[in-house]
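The values are calculated or read from the model by the stated rules, or taken from the named source; none is laboratory data. The shown structure was predicted, so the numbers you read here are calculated from the model rather than taken from an experiment. Glycine also receives a Cβ, built like all others from the backbone with ideal geometry; neighbour counts cover every protein chain displayed. For accessibility, only protein heavy atoms count, side chains too; no ligands or nucleic acids. Shrake-Rupley method; radii C 1.70, N 1.55, O 1.52, S 1.80 Å.
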Amino acid sequence: MTATPVRAPDGPATTTVTFRDAFRAGLREALAGDERVFLMGEDVGRYGGCFAVSQGLLEEFGEERVRDAPLSESAFVGAGIGAAIGGTLPIVEIMTVNFALLALDQIVNNAATLRHMSGGQLGVPLVVRIPTGPGRQLAAQHSHTLEGWFAHVPGLRVVTPATLADARGMLATALLDPDPVLVFEQIGLYGTSGELATDAGPVDLDRAAVRRAGTDATVVAYGGSLAPVLAAAEQLAGRGVSAEVVDLRALRPLDTDTVVESVARTHRLVVVDNAWRSGGPMAEVVARVAEQALDELDAPVERVAAVEVPVPYPRHLEEAALPQASDVVAATLRAVG
């Protein structure tokens with residue numbers, strides 16, 4: 001982060017950064033703060049990471065701390081699991097969520113299960129960073145939103161930073177966890193910039209956040225779907241509809257309480273997801289609201305999700321396949337009648 005900090009008259013000093021800067025700042029702080037931490041993955045060193053998040057870290061921390069790995073996701077995630085058991089704090093980067101499927105056996109059958117299978121004797125304090133989602137025209141084998149698959153698995157913590165503060169601070173909290181944490185970074189956000197407090201630090205991984213207060217409808221989002229939802233909330237305000245926006249922040253464990261509390265205030269629910277509708281993370285949100293707060297709902301739940309096709313390459317088709325702010329506006333208007 002090289003921008004000159006500025007201080008608002010009534011607020012903390014801030015600086016303008018991109019999500020890429022914020023993720024890199026979190027990595028730099030982790031590497032500088034604890035010699036047990038090291039970064040490993042394909043092209044994370046000399047190339048600076050396939051999305052340039054780790055650019056400059058090899059020169060700063062050396063090859064022992066920033067390690068290029070061969071093109072074998074299963075092998076280097078497995079090496080990370082072994083290193084974590086051995087007392088280090090590895091941060092493993094997988095190029096995209098589609099490639100994470102090649103390491104599914106290591107993540108699901110080993111990282112997630114070893115504490116249970118060893119009777120609590122073996123923890124795996126491993127952090128896996130996984131770029132996810134659409135937005136860069138990377139087509140069907142690089143652009144999917146599959147974090148919900150991992151959120152299905154007990155033994156894993158799954159977090160999805162959607163703000164600069166979370167991009168900066170989730171890694172530090174994840175490294176304190178004695179069990180594996182998967183950090184899903186939105187590919188479409190890397191180049192997006194905004195203001196971040198210069199004293200931004202570790203953040204809570206356990207609680208969802210109300211990003212915008214409202215009274216007429218609860219709109220739930222996470223990761224890449226938060227930005228269009230906030231844009232939709234602004235448009236809805238212009239039409240006299242007050243939408244409360246809840247950012248889940250973590251898909252496992254899922255903070256149901258914050259969602260239910262919001263629904264109890266607004267009595268209407270809209271869920272928005274860049275993942276496919278069938279079996280997606282938001283299906284779990286809807287199920288839990290049905291279990292715990294069905295009587296609070298005054299209208300049917302509205303679901304806005306990706307079109308159920310592989311993510312297309314052409315820009316206009318990629319956008320057509322994803323939830324847009326206009327879709328969220330239409331769904332919320334239906335909910336409020």
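Each of ALA275, GLY45, ALA231 was scored by the projection of its Cα onto the charge dipole of the chain, and the greatest displacement toward the positive side belongs to ALA231; charges sit on the C-beta of Lys, Arg, Asp and Glu. Just to be sure I understand: if I project the alpha-carbon convex hull of the range 177-278 onto a plane and average over all orientations, what area do I get in nm²? Orientation-averaged projected area of the Cα hull: 8.3 nm². In the context of the full protein assembly, HIS142 retains an accessible surface of approximately 60 Å², using a probe radius of 1.4 Å and ignoring ligands and nucleic acids. DSSP bridge analysis restricted to the chain gives an antiparallel fraction near 25%, rounded to the nearest 5. Remark: relative contact order (the chain) = 15 percent; criterion is Cα-Cα distance under 8 angstrom and separation of 6 or more residues. As a length-normalised measure over Cα pairs under 8 Å and 6 or more apart, the relative contact order of the range 256-337 settles at 36 percent. The charge dipole of the range 70-186, taken about the Cα centre with unit charges on the Cβ atoms of Lys, Arg (+1) and Asp, Glu (-1), comes to about 80 debye, rounded to the nearest 20.
Put +1 on the Cβ of every Lys and Arg and -1 on every Asp and Glu Cβ in the chain; which of LEU322, GLY120, PRO70 then has its Cα farthest towards the positive end of the dipole? Of the candidates, LEU322 comes out farthest on the positive side. Of the residues ARG65, ARG36, the one with the largest accessible area comes first in the ranking ARG36, ARG65, computed with a 1.4 Å probe on protein heavy atoms. Helical runs assigned H by DSSP (4 residues or longer) give the chain a calculated mean residue ellipticity at 222 nm of -9500 deg cm²/dmol, each run adding -39500 (n - 2.57) before division by the residue total.
Computed with a 1.4 Å probe over protein heavy atoms only, the accessible surface of the chain comes to 42 Å² per residue.
Would the range 191-337 count as rounded, prolate or oblate if I go by the C-alpha gyration tensor, calling it rounded below 1.5 in a/c and otherwise prolate when a/b exceeds b/c, oblate otherwise? Verdict is rounded for the range 191-337. Taken over the alpha carbons of the range 164-220 as equal point scatterers, the Debye sum produces base-10 log I(q)/I(0) values at 0.16, 0.31 Å⁻¹ of -0.67, -1.29.
Surface composition of the range 178-331: carbon plus sulfur atoms contribute 51% of the solvent-accessible area (1.4 Å probe, protein chains only, all chains present). Sequence-distant contacts, meaning Cα pairs under 8 Å at least 6 residues apart, place the relative contact order of the range 112-265 at 25 percent. Note that the chain shows a convex hull volume over its alpha carbon atoms of 137 Å³ per residue.
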